[in-house]
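Visitor: Sharing a structure below in structure tokens format, with a few things to ask.
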Amino acid sequence: MKKFSVNFIILVLVIWQFFSVLLMAIGNWPVEVVWVNLFISLIFLLLADNFHSLLFLIVSIPFYAAIPNGRFDSLSTWRILFAVFFVKWFFQEIILKKQKLRFYLWDKILGIFLAWSVFATLAFGRFRFQGLKQILFLLNIYIFYLAAAHIIKDRAQIIKTVKFVVYTLTIIIALGFAQLFFTFFVNLDTFWVYWASFISRLYYGNYFYSVALVSNSWFSYNGTRGLRMFSIMPDSQSFSYICLFGVCLGTALTFTVSKKVQGWLWRGIRCAALALMLSGTRAVWVGMAAPFAALIAAFRNNFMKPAVKKFFWPFLIVIILFSISPLFNKGLEYLRAGGRFKENFLERAKSVYDLNDISNAGRIAIWKSSLAFSLRHPLGVGMANFLTSQNQNSLQNYQELSTQVNKRYNLPARYVSAHSLYLQILVETGLIGLLLFLCFFAYLLKDIWVFLKKNKNNCNFPVVFVFQFCLVLLWILLAGIFDVTLFNDKILMFFLLMLAITRVIIKGLPESEMQD
């Protein structure tokens, strides 16, 4: 295929996926069309070169739906597509062309972490099959990262890949505004039932649909009931990470595009910042303190000042939006059909420090119980076995225990988490797993810091990209104290894509391509 024709085919396939998913979402087309989309995507992957296959998989992220079948309810199309993509790449490049697989220290630590997770699950897990399924889920995304890190070769491909990631984030954020706009014309209950029955069922399967009808994180409760922005994501927390990525990646991309395109990018960054506020996700709001503090420290030390000055703006935009949020509150209350729920973003932000807040009290209670449980089980209980830390009844099988509703959260046990990335890992993989997980981030940040120090006077796009990824890491690590959203499939895809690009820049990009 010629390059221009491949790009055109990708565009046509994206348009087809958008309208096919839209028609399935409004009920005009049967969900079996998902099989058609899967078949078309597989044909493209088999015929296209590996780099364009990667781009196609990236821009298809907003359209990965659950495959309708009677056996695996939540099986998404990306699981099959990523596996086929990896096998094709591995056969062509590693077996036929004898390309050498490259693993760096943080890759090796991550591999040891996964190996330990397998051991902990098999040795200590009560529900070993569920644990191994979770590990296969993580491996399914990891092989996507591994292939991407070897396929992307030069600066031009890095820039094109980043542009496709930004296109994809833009689609998801735009769909979030469509979701918000939809609530201007229907009352709350109609929206709730429709979104669970058509959108959530299409993307995440029948079981999640049945849960979302009863309980979800789409609404906040601070005296009044407020609707958050969450787009096609299963919850507002994961959507806030999409906005986080959009803000940081969009700002980095302004360093390598024309002034006209920069103008459009800044409009998109402002929209992403607004969506970040409208998501109502306090963990990400608090997490913003880490990269903001890093920017202040860098500015005071004259470190990469041109980049630092530009990255200050998205954070200031978020702060300004919060300061004028009462105007948004009044506007949304006026526009929304029925007027039966209100927004108050400032009050929600203030509730972060309120230990008597119902949500905060629940978090503290589960933190205490998780920590106490981990002290009794220092080697962990296995992946996907966190629910056993909340219920010690050994007479129940997984199906019974996972569907048992936790009254505090009004959620089935399988959806209840430690509300902390680190406690979740501690409970499931033990102290060894947590130390390996922290070592992964420590060595990654160390390599990034060494690279940035070496290139501190060079604010071109590859260096700025690594700089923004450092900010993203700090943001995620602080937010991770309060949630486990990093393990959402789409969030992990974007995170590992950014890691793959960072790896190419730090470890493989020639010095000549670092210069403008």
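Visitor: Do the conditions hold for Leu96, that is, is it of a type outside the set (Ser, Thr, Tyr) and under 21 Å from the mean Cα position of the chain (by Cα)?
Guide: Values: of a type outside the set (Ser, Thr, Tyr): yes; under 21 Å from the mean Cα position of the chain (by Cα): no.
No.
Visitor: In segment 278-304, what residues are assigned to a loop (DSSP other than H, G, I, E, B) and surrounded by fewer than 24 Cβ atoms within 10 Å (Cβ to Cβ)?
Guide: Selection gives Met288, Asn301, Asn302, Phe303, Met304.
Visitor: Select from segment 40-89 the residues that are of a type in the set (Val, Ile, Thr) and touching a residue at least 60 places away in the same chain (Cβ under 8 Å) and list them in ascending order.
Guide: We begin by selecting, within segment 40-89, every residue of a type in the set (Val, Ile, Thr); these are 40, 43, 58-59, 61, 67, 77, 80, 84, 87.
Within segment 40-89, Ile58, Val59, Ile61 qualify.
Visitor: Considering Ala174, Ala156, which residue is of a type in the set (Gly, Ala, Ser) and more than 22 Å from the chain's Cα centre (by Cα)?
Guide: After ruling out the rest, the residue left standing is Ala156.
Every residue, every condition in (1) of a type in the set (Phe, Trp, Tyr); (2) surrounded by fewer than 19 Cβ atoms within 10 Å (Cβ to Cβ); (3) at pLDDT below 95; (4) under 21 Å from the mean Cα position of the chain (by Cα), yes or no:
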| position | (1), (2), (3), (4) |
| --- | --- |
| Asn397 | no, yes, yes, no |
| Asn406 | no, yes, yes, no |
| Arg414 | no, no, yes, yes |
| Ser417 | no, no, yes, yes |
| Ile432 | no, yes, no, no |
| Leu436 | no, no, no, no |
| Asn460 | no, yes, yes, no |
| Phe465 | yes, no, no, yes |
| Leu477 | no, yes, no, yes |
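Visitor: Here are the criteria: (1) within 20 Å of Leu474 (Cβ to Cβ); (2) modelled with pLDDT of 90 or more. Tell me which single one Ser279 does not satisfy.
Guide: (2)
Visitor: If the requirement is being in contact (Cβ under 8 Å) with a residue 12 or more places away in the chain, surrounded by fewer than 19 Cβ atoms within 10 Å (Cβ to Cβ), of a type outside the set (A, V, I, L, M, F, W, C) and over 24 Å from Leu509 (Cβ atoms), which of these qualifies: Ser236, Ser231, Ser197? Outline the logic, then answer.
Guide: On the way: Ser236 fails: surrounded by fewer than 19 Cβ atoms within 10 Å (Cβ to Cβ); Ser231 fails: surrounded by fewer than 19 Cβ atoms within 10 Å (Cβ to Cβ).
Residue meeting the stated conditions: Ser197.
Visitor: Report those helices (runs of 4 or more DSSP H) wholly inside segment 1-77 carrying at least 1 residues which are under 21 Å from the mean Cα position of the chain (by Cα) and either crowded, with 16+ Cβ neighbours inside 10 Å or among the aliphatic types (A, V, I, L, M) (or both). So that I can check it myself, show each step before the final result.
Guide: Values: elements: 3-25, 33-47, 50-59.
By residue number, 3-25, 50-59.
Visitor: Another question, then. In segment 224-249, how many residues are assigned to a strand (DSSP E or B) and either closer than 19 Å to Leu496 by Cβ or at pLDDT 95 or above (or both)? Full working, then the answer.
Guide: The first filter runs over segment 224-249 and keeps only residues assigned to a strand (DSSP E or B), leaving 224-227.
Next, only the ones that are either closer than 19 Å to Leu496 by Cβ or at pLDDT 95 or above (or both) stay: none.
Residues that pass the stated criteria total 0.
Visitor: Kindly indicate which of Lys368, Lys454 is surrounded by fewer than 20 Cβ atoms within 10 Å (Cβ to Cβ) and either more than 16 Å from Ile505 (Cα to Cα) or in contact (Cβ under 8 Å) with a residue 40 or more places away in the chain (or both).
Guide: Matching residue, one of Lys368, Lys454: Lys368.
Visitor: Another question about this same structure. Among Ser370, Ser351, Ser374, Ser359, which is over 19 Å from Trp475 (Cα atoms), part of a helix (DSSP H, G or I), at pLDDT below 85 and out of contact with any strand residue (DSSP E or B) (no Cβ under 7 Å at 6 or more places or on another chain)? Steps first, please.
Guide: Working: Ser370 fails: at pLDDT below 85; Ser351 fails: out of contact with any strand residue (DSSP E or B) (no Cβ under 7 Å at 6 or more places or on another chain); Ser374 fails: at pLDDT below 85.
That would be Ser359, the only listed residue that is over 19 Å from Trp475 (Cα atoms), part of a helix (DSSP H, G or I), at pLDDT below 85 and out of contact with any strand residue (DSSP E or B) (no Cβ under 7 Å at 6 or more places or on another chain).
Visitor: Does Thr161 satisfy the condition of being crowded, with 19+ Cβ neighbours inside 10 Å and either part of a helix (DSSP H, G or I) or within 22 Å of the chain's Cα centre (by Cα) (or both)?
Guide: Criteria met by Thr161.
Visitor: Tell me yes or no: at least one residue of segment 183-203 is within 20 Å of Asn488 (Cβ to Cβ), assigned to a helix (DSSP H, G or I) and in contact with a Ser or Thr (Cβ under 7 Å, 6 or more places away or on another chain).
Guide: Step one: filter segment 183-203 for residues within 20 Å of Asn488 (Cβ to Cβ), giving 195-196, 199-203.
Then keep just the ones that are assigned to a helix (DSSP H, G or I); that gives 195-196, 199-203.
Now restrict to residues that are in contact with a Ser or Thr (Cβ under 7 Å, 6 or more places away or on another chain): none.
Within segment 183-203, not a single residue is within 20 Å of Asn488 (Cβ to Cβ), assigned to a helix (DSSP H, G or I) and in contact with a Ser or Thr (Cβ under 7 Å, 6 or more places away or on another chain).
Visitor: Hey, any hits in segment 258-277 for a residue that's buried (at least 20 other Cβ atoms within 10 Å of the Cβ), farther than 15 Å from Lys490 by Cβ and hydroxyl-bearing (Ser, Thr, Tyr)?
Guide: Taking every residue of segment 258-277 in turn, none turns out to be buried (at least 20 other Cβ atoms within 10 Å of the Cβ), farther than 15 Å from Lys490 by Cβ and hydroxyl-bearing (Ser, Thr, Tyr).
Visitor: Taking the condition buried (at least 16 other Cβ atoms within 10 Å of the Cβ), among the small types (Gly, Ala, Ser) and free of Cβ contacts under 8 Å to residues at least 60 places away in the same chain, does Ala442 pass?
Guide: On the way: buried (at least 16 other Cβ atoms within 10 Å of the Cβ): no; among the small types (Gly, Ala, Ser): yes; free of Cβ contacts under 8 Å to residues at least 60 places away in the same chain: yes.
Considered against the rule, which asks whether it is buried (at least 16 other Cβ atoms within 10 Å of the Cβ), among the small types (Gly, Ala, Ser) and free of Cβ contacts under 8 Å to residues at least 60 places away in the same chain, Ala442 comes out as no.
Visitor: Take Leu265 and decide whether it is modelled with pLDDT of 90 or more, in contact with a Leu (Cβ under 9 Å, 6 or more places away or on another chain) and part of a helix (DSSP H, G or I). Please lay out each step first, then the result.
Guide: On the way: modelled with pLDDT of 90 or more: yes; in contact with a Leu (Cβ under 9 Å, 6 or more places away or on another chain): yes; part of a helix (DSSP H, G or I): yes.
Taking the combined requirement at face value, the residue satisfies it.
The values are calculated or read from the model by the stated rules, or taken from the named source; none is laboratory data. If you're wondering where the values come from, they're calculated on a predicted model, not measured in any experiment. Counting neighbours? That spans all protein chains shown, and the Cβs are built from the backbone with ideal geometry, glycine included.
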